[in-house]
Amino acid sequence: MTSLSFWFDFASTYSYPAALRIDEMAGARGVSIVWRPILLGPIFANQGWRNSPFNIYPAKGKYMWRDLERLCAVENLPFQRPDPFPQNSLLAGRVATALDGEPRARFCRSVFAEEFGRGRSIDSPEFIADVLRTQGLPVDSLERAASDEVKAALKSSVEEARALGVFGAPSFTTEDGELFWGFDRLAAALDWARDRT
(Lines give C-alpha, C1' and ligand atoms only; values in the text may rest on other atoms or scores of the structure.)
Protein backbone atom coordinates (compact mmCIF):
# COMPACT_ATOMS: atom_id res chain seq x y z
CA MET A 1 0.00 0.00 0.00
CA THR A 2 1.31 3.41 -0.93
CA SER A 3 1.77 5.94 1.85
CA LEU A 4 1.53 9.69 2.38
CA SER A 5 3.49 11.52 5.06
CA PHE A 6 1.44 14.04 7.05
CA TRP A 7 3.62 16.79 8.57
CA PHE A 8 1.94 18.86 11.28
CA ASP A 9 2.48 21.01 14.35
CA PHE A 10 -0.13 20.86 17.11
CA ALA A 11 -0.16 24.67 17.10
CA SER A 12 -1.19 24.71 13.43
CA THR A 13 -4.80 25.74 12.89
CA TYR A 14 -5.40 24.06 9.53
CA SER A 15 -3.74 20.89 10.78
CA TYR A 16 -6.82 20.42 12.98
CA PRO A 17 -9.29 19.56 10.19
CA ALA A 18 -6.56 17.64 8.39
CA ALA A 19 -5.91 15.47 11.45
CA LEU A 20 -9.59 14.69 11.93
CA ARG A 21 -10.35 13.92 8.28
CA ILE A 22 -7.16 12.42 6.82
CA ASP A 23 -7.66 8.77 7.82
CA GLU A 24 -11.16 8.56 6.34
CA MET A 25 -10.08 10.28 3.13
CA ALA A 26 -6.96 8.10 2.84
CA GLY A 27 -8.86 4.90 3.54
CA ALA A 28 -11.24 5.64 0.68
CA ARG A 29 -8.23 5.78 -1.64
CA GLY A 30 -6.25 2.85 -0.26
CA VAL A 31 -3.45 5.13 0.99
CA SER A 32 -1.78 4.70 4.39
CA ILE A 33 -0.85 7.75 6.46
CA VAL A 34 2.46 8.30 8.24
CA TRP A 35 1.85 10.86 11.01
CA ARG A 36 4.92 13.13 11.31
CA PRO A 37 4.87 15.62 14.21
CA ILE A 38 7.19 18.61 13.79
CA LEU A 39 7.73 22.06 15.29
CA LEU A 40 7.11 25.04 13.04
CA GLY A 41 9.11 27.43 15.23
CA PRO A 42 12.53 26.50 13.80
CA ILE A 43 11.12 26.42 10.26
CA PHE A 44 9.52 29.84 10.68
CA ALA A 45 12.74 31.20 12.20
CA ASN A 46 14.56 30.31 8.97
CA GLN A 47 12.04 32.53 7.18
CA GLY A 48 12.71 35.40 9.59
CA TRP A 49 9.58 34.93 11.71
CA ARG A 50 9.61 34.74 15.52
CA ASN A 51 5.85 34.25 15.75
CA SER A 52 3.00 32.78 13.72
CA PRO A 53 2.46 34.69 10.47
CA PHE A 54 -1.19 34.88 11.53
CA ASN A 55 -0.05 37.04 14.47
CA ILE A 56 2.57 38.98 12.53
CA TYR A 57 0.05 39.98 9.85
CA PRO A 58 -3.23 40.87 11.62
CA ALA A 59 -5.36 40.96 8.46
CA LYS A 60 -4.16 37.47 7.56
CA GLY A 61 -4.89 36.27 11.08
CA LYS A 62 -8.39 37.73 11.09
CA TYR A 63 -9.12 36.02 7.79
CA MET A 64 -7.69 32.70 8.97
CA TRP A 65 -9.89 32.50 12.08
CA ARG A 66 -13.05 33.24 10.10
CA ASP A 67 -11.99 30.82 7.36
CA LEU A 68 -11.36 28.10 9.93
CA GLU A 69 -14.82 28.69 11.44
CA ARG A 70 -16.38 28.25 8.00
CA LEU A 71 -14.27 25.20 7.21
CA CYS A 72 -15.11 23.49 10.49
CA ALA A 73 -18.81 24.15 9.91
CA VAL A 74 -18.59 22.51 6.48
CA GLU A 75 -16.64 19.57 7.92
CA ASN A 76 -19.06 19.30 10.86
CA LEU A 77 -16.22 19.78 13.34
CA PRO A 78 -16.58 21.70 16.60
CA PHE A 79 -14.41 24.80 16.82
CA GLN A 80 -13.27 26.94 19.72
CA ARG A 81 -10.27 29.23 19.41
CA PRO A 82 -7.54 28.35 21.92
CA ASP A 83 -5.92 31.12 23.92
CA PRO A 84 -3.08 31.93 23.69
CA PHE A 85 -2.31 31.33 20.04
CA PRO A 86 -0.13 29.71 19.04
CA GLN A 87 -0.18 27.08 21.75
CA ASN A 88 3.15 25.74 23.04
CA SER A 89 3.27 22.41 21.21
CA LEU A 90 6.68 21.15 22.32
CA LEU A 91 5.51 18.63 24.91
CA ALA A 92 2.69 17.28 22.75
CA GLY A 93 5.10 16.97 19.83
CA ARG A 94 7.57 15.00 21.92
CA VAL A 95 4.88 12.67 23.27
CA ALA A 96 3.57 12.06 19.75
CA THR A 97 7.13 11.27 18.69
CA ALA A 98 7.42 8.77 21.55
CA LEU A 99 4.39 6.92 20.15
CA ASP A 100 4.10 5.19 16.79
CA GLY A 101 1.53 3.90 14.33
CA GLU A 102 -2.13 3.96 15.36
CA PRO A 103 -1.38 4.97 18.97
CA ARG A 104 0.36 8.09 17.62
CA ALA A 105 -2.55 8.86 15.32
CA ARG A 106 -5.07 8.39 18.13
CA PHE A 107 -3.13 10.65 20.47
CA CYS A 108 -2.77 13.34 17.80
CA ARG A 109 -6.44 13.34 16.86
CA SER A 110 -7.39 13.68 20.51
CA VAL A 111 -5.00 16.57 21.18
CA PHE A 112 -6.26 18.47 18.12
CA ALA A 113 -9.88 17.81 19.08
CA GLU A 114 -9.34 19.14 22.60
CA GLU A 115 -7.28 22.14 21.46
CA PHE A 116 -9.37 23.43 18.56
CA GLY A 117 -12.67 21.68 19.27
CA ARG A 118 -12.87 22.70 22.93
CA GLY A 119 -10.29 25.52 23.15
CA ARG A 120 -8.13 23.72 25.73
CA SER A 121 -4.52 24.55 26.44
CA ILE A 122 -2.24 21.65 25.45
CA ASP A 123 1.11 22.47 27.08
CA SER A 124 0.75 20.94 30.56
CA PRO A 125 1.82 17.44 31.59
CA GLU A 126 -1.60 17.07 33.24
CA PHE A 127 -3.39 17.68 29.95
CA ILE A 128 -1.14 15.23 28.10
CA ALA A 129 -1.55 12.56 30.79
CA ASP A 130 -5.32 12.99 30.61
CA VAL A 131 -5.30 12.49 26.83
CA LEU A 132 -3.11 9.38 27.15
CA ARG A 133 -5.39 7.89 29.78
CA THR A 134 -8.58 8.76 27.90
CA GLN A 135 -7.24 7.15 24.73
CA GLY A 136 -5.99 4.04 26.53
CA LEU A 137 -2.37 4.83 25.69
CA PRO A 138 0.65 4.22 27.92
CA VAL A 139 0.99 7.12 30.37
CA ASP A 140 4.73 6.42 30.57
CA SER A 141 4.92 7.97 27.08
CA LEU A 142 5.07 11.26 28.98
CA GLU A 143 8.26 10.15 30.73
CA ARG A 144 9.76 8.75 27.53
CA ALA A 145 9.07 12.10 25.85
CA ALA A 146 11.69 13.67 28.11
CA SER A 147 14.42 11.28 26.96
CA ASP A 148 17.34 12.46 24.85
CA GLU A 149 16.36 9.89 22.23
CA VAL A 150 12.87 11.31 21.71
CA LYS A 151 14.09 14.92 21.80
CA ALA A 152 16.66 14.09 19.12
CA ALA A 153 14.06 12.25 17.04
CA LEU A 154 11.75 15.28 16.99
CA LYS A 155 14.62 17.57 16.03
CA SER A 156 15.56 15.13 13.28
CA SER A 157 11.98 15.19 11.98
CA VAL A 158 12.09 18.98 11.79
CA GLU A 159 15.31 18.79 9.78
CA GLU A 160 13.88 16.11 7.50
CA ALA A 161 10.79 18.22 6.88
CA ARG A 162 12.92 21.26 6.12
CA ALA A 163 15.02 19.21 3.68
CA LEU A 164 11.84 18.14 1.89
CA GLY A 165 10.82 21.78 1.45
CA VAL A 166 8.17 21.92 4.19
CA PHE A 167 7.57 25.57 5.15
CA GLY A 168 4.21 25.34 6.93
CA ALA A 169 1.59 22.92 8.15
CA PRO A 170 -0.23 20.84 7.35
CA SER A 171 2.07 19.55 4.64
CA PHE A 172 1.98 16.23 2.85
CA THR A 173 4.77 14.45 1.00
CA THR A 174 4.42 11.49 -1.33
CA GLU A 175 6.79 8.58 -1.80
CA ASP A 176 8.01 10.14 -5.07
CA GLY A 177 8.88 13.43 -3.36
CA GLU A 178 5.92 15.67 -4.18
CA LEU A 179 5.02 18.32 -1.59
CA PHE A 180 1.49 19.56 -0.95
CA TRP A 181 0.65 22.30 1.58
CA GLY A 182 -2.62 23.08 3.31
CA PHE A 183 -5.83 21.27 4.18
CA ASP A 184 -7.25 22.34 0.83
CA ARG A 185 -4.54 20.26 -0.89
CA LEU A 186 -5.12 17.09 1.12
CA ALA A 187 -7.36 15.42 -1.47
CA ALA A 188 -4.91 16.27 -4.25
CA ALA A 189 -2.02 14.84 -2.21
CA LEU A 190 -3.91 11.62 -1.58
CA ASP A 191 -4.90 11.30 -5.23
CA TRP A 192 -1.29 11.82 -6.29
CA ALA A 193 -0.06 9.20 -3.81
CA ARG A 194 -2.66 6.73 -5.06
CA ASP A 195 -2.18 7.33 -8.78
CA ARG A 196 1.54 8.00 -9.23
CA THR A 197 3.49 5.98 -6.70
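How much accessible area per residue does the stretch 86-136 have, in Å², with a 1.4 Å probe?
Computed with neighbouring chains in place, this is 39 Å² per residue.
Quickly work out the ASP184-to-GLU149 label distance, labels modelled 7 Å from Cα along the C-beta direction, and quote it in nm with one decimal.
4.3
Is the shape of the chain rounded, prolate or oblate, going by the alpha carbon gyration tensor and its root eigenvalues a ≥ b ≥ c, with a/c under 1.5 for rounded and a/b larger than b/c for prolate?
It comes out rounded by the Cα gyration axes.
Could you sort ASP9, ASP176 by accessible area so the largest value comes first, with the probe set to 1.4 Å?
ASP176, ASP9
Of all the stretches in the chain, which is the longest one without any exposed loop site, taking chymotrypsin sites (Phe, Trp or Tyr not before Pro) in a DSSP loop (any state but H, G, I, E, B) with at most 16 other Cβ atoms within 10 Å? Could the numbers behind the result be given before it?
Details: sites that count: TRP49, PHE167.
My reading of the result: 50-166 is the longest stretch.
At a 1.4 Å probe, what is the % contribution of carbon and sulfur to the accessible area of the chain?
Solvent-exposed carbon and sulfur of the chain make up 50 percent of the total.
With contacts defined as alpha carbon pairs under 8 Å and 6 or more residues apart, what's the relative contact order of the chain in percent?
Once divided by the residue count of the chain, the mean separation gives 33 percent.
How large is the accessible surface of ILE56 in square angstrom, using a 1.4 angstrom probe and rounding to the nearest 10?
Approximately 70 Å² of ILE56 is accessible to the 1.4 Å probe.
The values are calculated or read from the model by the stated rules, or taken from the named source; none is laboratory data. Remember, predicted model here, so these are calculated numbers, not experimental data. Note that we place each Cβ from the backbone using ideal geometry, even for glycine, and neighbour counts take in every protein chain shown. Calculation scope for accessible area: heavy atoms of the full protein, side chains included, ligands and nucleic acids excluded. Shrake-Rupley method; radii C 1.70, N 1.55, O 1.52, S 1.80 Å.
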